[in-house]
Amino acid sequence: MIRKHIKEWPSDKELGPDNHEACELIEALHNTVDSKNLKYYTDENGDEDSVSGVGKDVYGKYSFTEKVYEGRVYLIQVRDKDQIDNAYKHTKIGMQMPKVEKKELN
């Protein structure tokens, strides 16, 4: 549905179900972001579907979905924090994160 509107879409192999990183990102999205208030679109056949998937930009791969909150549509992205931190080191913009104590995950 959305694919036809994007001119330079990464290959299915890179973002598809056979790509381990893409699968992990989708799992992280579905296990951390609830499915309430998703934004639904109606296609030319009258079928409704929500938008979610895996994308790629200059900072790396990410999973995404759209949700409605108080009448506005928000794009939610899930990214590997280590990957995005490393990418921001090589740019001038950087990401402003609060100073928090780092702990190892179990």
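Laboratory data are not the source of any read-out in this text; all were calculated from the coordinates shown. These numbers were taken from a predicted model, which means no experiment stands behind them. Glycine gets a Cβ as well: all are built from the backbone with ideal geometry, and neighbour counts include every protein chain shown.
For Y59, no residue has an amide H sitting under 5 Å from its own, ignoring neighbours fewer than 5 places away on the same chain, with H placed 1.01 Å from N. Charge dipole of region 3-89 (Cα centre as origin; +1 on each Lys and Arg Cβ, -1 on each Asp and Glu Cβ, all else neutral): 340 debye, rounded to the nearest 20.
Along the charge dipole of region 3-89, pointing to its positive end and built from +1/-1 on Cβ of Lys, Arg, Asp and Glu, which listed residue (G60, G71, A87) has its Cα farthest out? The one lying farthest along the dipole's positive direction is A87. Relative contact order of region 3-89: 23 percent, from C-alpha pairs under 8 Å at least 6 residues apart in sequence.
In region 3-89, inverting the average of 1/r over every pair of distinct C-alpha atoms gives 14.2 Å as the Kirkwood radius. Close Lys pairs in region 3-89 (alpha-carbon distance under 26 Å; sequence gap of 8 or more, or different chains): 27.
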